[in-house]
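Everything below concerns the one structure shown next.
The values are calculated or read from the model by the stated rules, or taken from the named source; none is laboratory data. What you see is a predicted model, and the numbers here were worked out from it, not measured in a lab. Glycine gets a Cβ as well: all are built from the backbone with ideal geometry, and neighbour counts include every protein chain shown. The area values use the complete protein model at the heavy-atom level, side chains included, leaving out ligands, DNA and RNA. Shrake-Rupley method; radii C 1.70, N 1.55, O 1.52, S 1.80 Å.
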Amino acid sequence: MSASPTMIAIGGGKGGVGKSVVSILLGQWLARFGKSTVLVDLDLGGANIHTLLGIKDPPASIHDLILRKTDSFEDIAISTQVEQLRVVCGASEILSAANPVFAQKLKIVRKLAEIDADYLILDLGAGTSFDVLDFFLLADLQVIVTTSEPVSIYNAYGFLRNAVYRRLTQLVREYPEWKSLIRSAMDPRNSFNIRTVRGLYDRLSEEADPDLLNTLSEETRKIRPAVIVNQVREPREQNTSRILQQVADRYLMVQVRDLGSVLYDPQIQAMVSRMVPLVSRNGIAGAFESMQQIATALMNGTNGTGRIATNGTSHVAQALERL
Amino acid sequence: MNDEDFSTPKPGPSSPEPEETIRHQGPASPSMLGQSPEERRNHPRFEVSVRVHLTIFAEISGMPGFASGDRSRMKVIREGFSNDLSESGICVVLDDRVTGIPLQQLVGRKVKLHLEWTQPDEDGLKVLGQVAWGREKDDVVRLGIQFTDLSVADRKTLGRLCQHDESELSRISNLWELLVAEPRPPSS
């Protein structure tokens, strides 16, 4: 087991695209491949991982950590039907948990890095709140889940765009004039006529310190999200990742990696409807097979994700610094 | 353009050498005559999203991959898309490989292109061209096509298209139409 777990954040902006299902199936396969894995339900406003795993009344949740009933994720990580797979349940029924204050967020991040596991899978909520974006940005592998529907792609791109600008504003927080400019640039129809991150850098280069500009450029280059296209019915739908690759490259200067696609699988919907735990399915087919391939490629680094084999400690330390 | 944009992870069993580019060595089209490769690229390239209906003509009857017989059957039709366009040519990424025709045979062929895009005020553009180069990597075929015999009106249309500044959302929308949506049959 590694000294510090590799964090995989699963986000994507839109609700209903299958982030939680992808998280569970990925966690299941990593565990079945012998990797100690903890699923963390960070959808603090709409936790549902426990339901999808067939846990009706979780004996512990992340709320216990926020309320200081415990000081460690280890105490609230519940075993599942799958050996090597544990889950930290969310706490959507507690209003205060949905919007953790700064100190609580800091605590969650610190404690995540202390979990004794090979992989942590952070299932993020929908939307682009700062909490969601911060958890996404701190991960070693940032995964965006989308379907091939246009609205889902818009949301996935919007999520990534907000993440990039969130990182940029964090980096210039001590420079109010640049912070203001970056916030203005977030508006696609801004009065400065800045249409891309490259355009923003061009504008900054006229007046800002070159060192600051280099830092911004280097830090945004570190954002290398991977896309999973979920619920694919036709081969053409796999091209959804290309759309995000091309638009993110052109407008955000971000290189998006294609982690693969997951077949539309009616059995998943049937299991969810009947509250059958997703990890109880026998046989490998459909979405389960797709996720097996993605998990295998991810572990072997054959999908351009070799980077996640590195220890996550330094990444989390940087994230803490930013927070 | 970035070659990696269209790459797919699994190389096909019949792929030639990766990134091998086959260039046209034969007689040049009238618009290519007297031009060096650099001069041929003297039009700026634009990342404009267009769908391409491509008709490739055989030079002679009985060429591999083409039906033999009367001239109307000596052609193959393929669909593709592009986001690499200039006023002199276009890089087309084919939806499917042109089976049965070696890449070498495609290079130099005369083609008819029907370009379609999603701006509501345009009907698309039908122009002639010649395949200047071909490249196959990871089962994805790209053809570099030089426009030939462009009319003044065609040039104006291309110029307008190239200068169109897509917003992020319209670019997503256009790419979705090109890459994900069910292809529409070419209008006659």
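Quick notes
- Long-range neighbours under 6 Å by Cβ, at least six apart or interchain, first residue without any contact (Cβ under 8 Å) to a residue 24 or more places away in the chain within region B:129-146, second surrounded by 20 or more Cβ atoms within 10 Å (Cβ to Cβ): none
- Some residue of region A:164-183 being open to solvent by less than 60 Å² (accessible area, probe 1.4 Å), farther than 30 Å from A:Arg242 by Cβ and without any contact (Cβ under 8 Å) to a residue 12 or more places away in the chain: yes
- Qualifying residue in region A:170-179 (condition: part of a helix (DSSP H, G or I) and hydroxyl-bearing (Ser, Thr, Tyr)): no
- Subset of region A:210-250 [away from chain B (no Cβ under 11 Å) and among the aliphatic types (A, V, I, L, M)]: A:Leu212, A:Leu213, A:Leu216, A:Ile223, A:Ala226, A:Val227, A:Ile228
- Note on region A:72-92: residues that are touching a residue at least 12 places away in the same chain (Cβ under 8 Å), open to solvent by 40 Å² or more (accessible area, probe 1.4 Å) and outside any helix (DSSP H, G or I) amount to 5.
- When we screen A:Val22, A:Val17 for residues that are on the phi < 0 side of the Ramachandran plot, touching a residue at least 24 places away in the same chain (Cβ under 8 Å) and out of contact with any helix residue (DSSP H, G or I) (no Cβ under 6 Å at 6 or more places or on another chain), the only hit is A:Val22.
- Scanning region A:134-158 for residues that are part of a loop (DSSP other than H, G, I, E, B) and of a type outside the set (Gly, Ala, Ser) turns up A:Asp140, A:Thr147, A:Glu149.
- Residues of region A:201-219 satisfying the condition of being among the hydrophobic types (A, V, I, L, M, F, W, C) and without any contact (Cβ under 8 Å) to a residue 24 or more places away in the chain: A:Leu213
- Residue in region A:205-224 that is more than 26 Å from A:Leu138 (Cβ to Cβ) and touching a helix residue (DSSP H, G or I) at 6+ places or on another chain (Cβ under 8 Å) present: yes
- Qualifying residue in region B:158-180 (condition: more than 12 Å from chain A (Cβ to nearest Cβ), crowded, with 20+ Cβ neighbours inside 10 Å and either within 14 Å of the chain's Cα centre (by Cα) or more than 18 Å from B:Ser86 (Cβ to Cβ) (or both)): no
- The residue that is farthest from B:Glu79 (Cα to Cα), among those in region A:237-261 that are open to solvent by 50 Å² or more (accessible area, probe 1.4 Å) and more than 17 Å from the chain's Cα centre (by Cα), is A:Met253.
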